[in-house]
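Structure, as structure tokens:
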Amino acid sequence: MGILHDDVVIIREPEKEGEATVITVNCPDKTGLGCDLCRIILFFGLSIVRGDVSTDGKWCYIVFWVVGKQRMRWSLLKKRLIEACPTCSSASGISYYRSELQPPKPPNVFLLTFCCHDRKGLLHDVTEVLSELELIIHKVKVSTTPDGKVVDLFFITDTRELLHTKKRRDDTIEQLAAILGDPLIAIDIELVGPETAACSQASSFLPSAISEDMFDLELPDSIRSGTSTSDSVSITMDNSLSPAHTLVQIICQDHKGLLYDIMRTLKDYNIQISYGRFSPKPRGKCELDLFIVQADGKKIVDPSKQKSLTSRLRMELLRPLRITVVSRGPDTELLVANPVELSGKGRPLVFYDITLALKMLGPCIFSVLSDHYVTSYCLFSHLIFL
């Protein structure tokens, strides 16, 4: 029995103002599907306020209640969600996530360069345009000259894979020129060669200010018998309530991308969710009940595996980003470390959120270095501001 292509993802917009939009996904299952869907929803600037997941191991049914932007390209979101779903032909067996067996095809890397007069909020305005155009920022270098001009270099890839065409390139330049509003602006977009593209990829160096802080949380103190608690996070594993599944119960403070952080962790551990429910609680908290199994379809009964998973979940929920502020004489450095999936994908819109926060706070940014590093986390942004 088949399912129509348009029925794989159904988006029902709210009838009344203030209500959530309901996104329903009905497709073959695979380990990590929930993570992939949550990442796309987060990339489109939406927040998941409630969720339900159910699967029989071959076919899944997922419902998200989302809120966010007033102006939203729902048709484009639907297209991206459908692209993330397995094809119906794969319903005969679960396609488990294996990074070494499913190497992502490297996208073409483009170098966006522009020079213009500096102003407050400039970096965020550019980042916002690139986000709206579905252009992914991989590396950034921003410098300010003594005469008040900025020279920006962005290594980007195109989700739509059209930036090599003249139309897509001209449209991107036109929208950037409109937001910059500078008659002296110079903008260029060019495809870079393999050698230059490699420079935009991961490095093996990680600044000590980030690594020391990160490793402090690798081994949390309060882990006892499969239960990890803190002032804001409670994680409990139970094998007595289901004959076939391990129940993971999580109560924590809500934050942007919370469900993505949990799904990403389970995907990295190659764990499948058979049934799950995510619901809000009073005072900004939320509760999750997840019935999970390992890749072999069995419960998690090994205490060391329970401890490892609980520790990792707690770490991600307590501090989804690593943020360090360092004084450098008259300047201040802001360093942000962003966790990545084993597939190499990082949390969406981190650079967007950072630049938005700095635009609202008002400091003058005169130097930026955004890069990726080889570790379970990547240093996403390195900002120097006055």
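The values are calculated or read from the model by the stated rules, or taken from the named source; none is laboratory data. Everything numeric here is computed off the predicted structure, so don't read it as measured data. Note that each Cβ is placed from the backbone with ideal geometry, even for glycine, and that neighbours are counted across all protein chains shown. Each accessible area value is taken on the protein alone, full model and side chains, heavy atoms only, with ligands, DNA and RNA left out. Shrake-Rupley method; radii C 1.70, N 1.55, O 1.52, S 1.80 Å.
A prolate overall shape is assigned to the stretch 257-301, the ratio a/c of its alpha-carbon gyration tensor axes (a ≥ b ≥ c) being 1.5 or greater and a/b exceeding b/c.
Residues H117, H138, H164 ordered from highest to lowest accessible area at a 1.4 Å probe: H164, H117, H138. At the residue level, M315 shows approximately 10 square angstrom of accessible surface with a 1.4 angstrom probe and all protein chains present.
Close amide H pairs (under 5 Å, H built 1.01 Å from N) link C116 with V150, residues at least 5 positions away or on another chain.
Here's how it looks for W59: its modeled amide H is under 5 Å from those of D29, which are all 5 or more places away or on a different chain. Karplus-based coupling profile of the stretch 309-326, in residue order and whole Hz: 5, 4, 4, 5, 4, 4, 4, 5, 7, 6, 9, x, 10, 9, 10, 9, 10, 10, with θ = phi - 60° in 6.51 cos²θ - 1.76 cosθ + 1.60 and x standing for Gly or Pro. Of the whole protein surface, C116 contributes about 10 Å² of accessible area at a 1.4 Å probe radius. Label-to-label distance for N270 and L191 is 3.7 nm, based on points extended 7 Å past Cα in the beta-carbon direction. By how many nm would the segment from I10 to C115 grow when fully extended, if each residue of separation counts as 0.36 nm and the alpha-carbon distance is taken off? Fully extending the segment from I10 to C115 adds 33.5 nm. For the stretch 159-174, 3J(HN,Hα) computed residue by residue from phi via the Karplus equation (6.51, -1.76, 1.60; θ = phi - 60°) reads 4, 7, 6, 10, 5, 6, 8, 5, 4, 5, 5, 5, 5, 5, 5, 4 Hz, glycine and proline entered as x. If you average the sequence gap of Cα pairs under 8 Å that are 6 or more apart and divide by the length of the stretch 1-68, what percent do you get for the contact order? The value is 34 percent.
Taking only protein heavy atoms and a 1.4 Å probe, the accessible area of the stretch 1-65 is 50% carbon and sulfur.
Based on the mean of other beta carbon atoms within 10 Å per residue, what is the order of 303-312, 57-66, most packed first?
57-66, 303-312
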